[in-house]
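A quick write-up on the structure given underneath.
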Amino acid sequence: MEPITFSTELTVEDWQALQFAARQRPFKSGTRRSRLLSRLPALGAALLWVGVALALPGNDSRVAWVAGVFVGILTIVLVTRLTLRGFRPQPGGSFLGPVRFSIDSAGVHSTRPHAEGVVRWPQILTIDATATHVFVWIDMMTGYVIPGRSLPAPFTTDTLAAHMRALKAATPADVAVAGEAAQGLATDAAAPGARLPAPAPRAQPTVWQEIVSVARLVALRALHPARFVGRDPSIFVLAAILLALWTVLDPLTSSDALEITWYSLPGLAWVAVGVMGLAWVLSRVSRPRIPYRQGLLLATGALAIAICIAVVARVVDDSWFYLVIAWAILWGTAYLLRGLGALTGLPQWRAIFVAALGIFGFAMLSDALYVNPSIWYYADDDSNDDESYVDAHTWQRMEELQFTQQSRLDTALAPMAALPHTSPASWFVGFAGYGEQHVFADEIALAAREFAARYDAYDRNIILANDRRDPAQLPLASAPALRYTLRRIGAMMRPDDVLFLALSSHGSEDGSISISNEGRSPADLSAIDLAAMLREAKIPWKVVVVSACYSGAFIDALRDDRTIVLTAAAADRTSFGCGDDRDLTYFGEAFYQDAIPGAPTLRAAFEQARQEIATWEKKEQYPASDPQAFFGVAMEQKLAGMEK
């Protein structure tokens, strides 16, 4: 058999690959029990970390503990990395530079410019191969590294390692090696015309083998590079499995009723784009580079970690949030470190750092765009009682109330005309349109209190409300009643006065809000009708807040330089929280209750409410309602003076 002879140039990267492989050997060798015992200290440290975090009182102290430990771990890693940079072979030493390898039945021979060496097969413990190197171990941490880039065709690292294992197996373990060094480098006599045996072609892994390899990597087990190629069927099947897993686990985190919506499919496509981008980063930044398909399989497998973290983050208490984030960072880093290390033979810290920045930026952009990567969303808790049975007594009572509406409005509006007037004065009109659910009347009552406290409109406010709990308590909400109220108030207002108009009800896709109450025929109030009422009332300075589904449609009809319009949802989106089991809608709670009392400006209050609503909807897996706002420049300047 002819010897396999070739020359190469050993570099710092080859040295790093050898050191990396040596650090991995203790976790690969020995019995399963010994490998498990070697991991117990890390497991104990993790349990201690979690235990102390749970024992600490208060969320702030827990956050400080988690952040401190995480920064400490990061500091140790960075210091270790910087220290190891000084322990590198020097040019002209015993490692770097040209070397000629000859592999035959006697062993592995290496020839350097100033030294020669031979390792007989009985001295060799094991032979390992990665995608880029072959490692010949003669001790637990000492061995030869053979770069795959210099192998003679048609050898690869896997086929060379197999060939060397066969030569080692064919050599008796008790071969005497004493005195052989004095005889020179012995090689077998080659028969005339003998050729190297052609290595068998590298077999492609099956889909199952690649899926199992990804599962082992997610579990932070050792990865065999030959079974991690990135074939198209494997990537497709893995993506399908993860999608099915996410589809099943996603609704299990909530006890509420769910329904499927296909409007979120673009969110899944967005995630797919992110995975492909991560694969591109991993393949381009790794040194040596890995094929894009391997990077794509690696990035797709990382979704299993993301799914697990997402599910855990929803079911645990909010005080665990930072601990879950730290766990996700450590798990993801270990996953990529093991995967890239197995595929390249080197610890790819640079690639992992760039990938981490990309993942963080992608997550922030996804949050800003309100991406919902799920086909599930919680069924709207709206109840439709329009066709429910209402007895004759209710109809009669509502008819009697309707006949007295103008006198009730006059009684409520008359005292306002006699109030002392200092310009600019604030006026408030509330309109709760849907009476079969109390949440809208409660929300408008809160809006009246908060606007009165903020803009001194205690005495100049009136509420029109449909509320089945007590229809006679307040003037009924109807389009004619609102028109009449706005005209009367417009006649009392001075040119510098400001009207705050808050409306709350169900909304329709045609850009209108519902007007309904038991014992009355349902009606609608459109954005165009409301704009016409305000023009008829000759009210120039106004702030209009519409809390309803699809309420963004009101902006175009009302916008002008002296108007601010705030809506609970975009023109093509629904809002949430309008059920009888709630006191306020999501928008009412975030804007009127949480934001208005403490925000420095109305714009700041709206932005705070918008972010809070987005957080709730993302946690509950609702499609983003995307609240909208228009701030007329003159109106915002005027409001700033009033708020001072």
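This table checks each residue for (1) surrounded by fewer than 14 Cβ atoms within 10 Å (Cβ to Cβ); (2) modelled with pLDDT of 60 or more; (3) under 46 Å from the mean Cα position of the chain (by Cα).
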position: Ile127; (1), (2), (3): no, yes, yes
position: Ile138; (1), (2), (3): no, yes, no
position: Ala176; (1), (2), (3): yes, no, no
position: Gly179; (1), (2), (3): yes, no, no
position: Ala203; (1), (2), (3): yes, yes, yes
Residues of region 464-484 satisfying the condition of being surrounded by 21 or more Cβ atoms within 10 Å (Cβ to Cβ) and either modelled with pLDDT of 90 or more or under 18 Å from Ser547 (Cβ atoms) (or both): Leu464, Ala465, Asn466, Asp467, Ala477, Leu482
Members of region 56-90 found to be assigned to a loop (DSSP other than H, G, I, E, B) and at pLDDT below 75, listed by number: Leu56, Pro57, Gly58, Gly86, Phe87, Arg88, Gln90
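Just for region 404-463: of the residues that are among the hydrophobic types (A, V, I, L, M, F, W, C) and surrounded by fewer than 14 Cβ atoms within 10 Å (Cβ to Cβ), which one is nearest to the chain's Cα centre (by Cα)?
Filtering first and then ranking leaves Ala453.
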Filter result (in contact (Cβ under 8 Å) with a residue 12 or more places away in the chain and either surrounded by fewer than 16 Cβ atoms within 10 Å (Cβ to Cβ) or more than 16 Å from Ala226 (Cβ to Cβ) (or both)) within region 143-156: Gly143, Tyr144, Val145, Ile146, Pro147, Arg149, Ser150, Pro152, Pro154
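Regarding Leu185, is this residue modelled with pLDDT under 80 and farther than 30 Å from Thr300 by Cα?
Yes: the conditions hold for Leu185.
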Residue count for region 518-551, restricted to those that are over 22 Å from Arg494 (Cα atoms) and either open to solvent by 20 Å² or more (accessible area, probe 1.4 Å) or in contact with a Lys or Arg (Cβ under 7 Å, 6 or more places away or on another chain) (or both): 11
Leu503 crowded, with 20+ Cβ neighbours inside 10 Å and modelled with pLDDT of 95 or more: yes
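Conditions (1) modelled with pLDDT under 95; (2) closer than 25 Å to Trp427 by Cβ, marked per residue:
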| residue | (1), (2) |
| --- | --- |
| Gly519 | yes, no |
| Ile539 | yes, yes |
| Val544 | no, yes |
| Asp556 | yes, yes |
| Arg559 | yes, yes |
| Thr574 | yes, no |
| Cys578 | yes, no |
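I want to confirm something. Restricting to region 222-240 and keeping residues that are without any contact (Cβ under 8 Å) to a residue 24 or more places away in the chain and not aliphatic (A, V, I, L, M), which single residue is farthest from Gly341 (Cα to Cα)? Outline the logic, then answer.
Taking region 222-240 first, the residues without any contact (Cβ under 8 Å) to a residue 24 or more places away in the chain are 227, 236, 240.
Then keep just the ones that are not aliphatic (A, V, I, L, M); that gives 227, 236.
Numbers: Arg227: 14, Phe236: 24 Å.
Checked region 222-240; the qualifying residue farthest from Gly341 (Cα to Cα) is Phe236.
Hey, which of the helices (runs of 4 or more DSSP H) in region 340-418, taking only ones fully inside, have at least 3 residues that are at pLDDT 65 or above and among the β-branched types (Val, Ile, Thr)?
Helices (runs of 4 or more DSSP H) meeting the threshold: 349-368.
The values are calculated or read from the model by the stated rules, or taken from the named source; none is laboratory data. Since we're looking at a predicted model, the values are computed, not measured. Here Cβ is always computed from backbone atoms with ideal geometry, including for glycine, and neighbour counts include all displayed protein chains. Ligands, DNA and RNA are stripped out before the accessible areas are found, and what is left, the full protein with its side chains, is counted by its heavy atoms. Shrake-Rupley method; radii C 1.70, N 1.55, O 1.52, S 1.80 Å.
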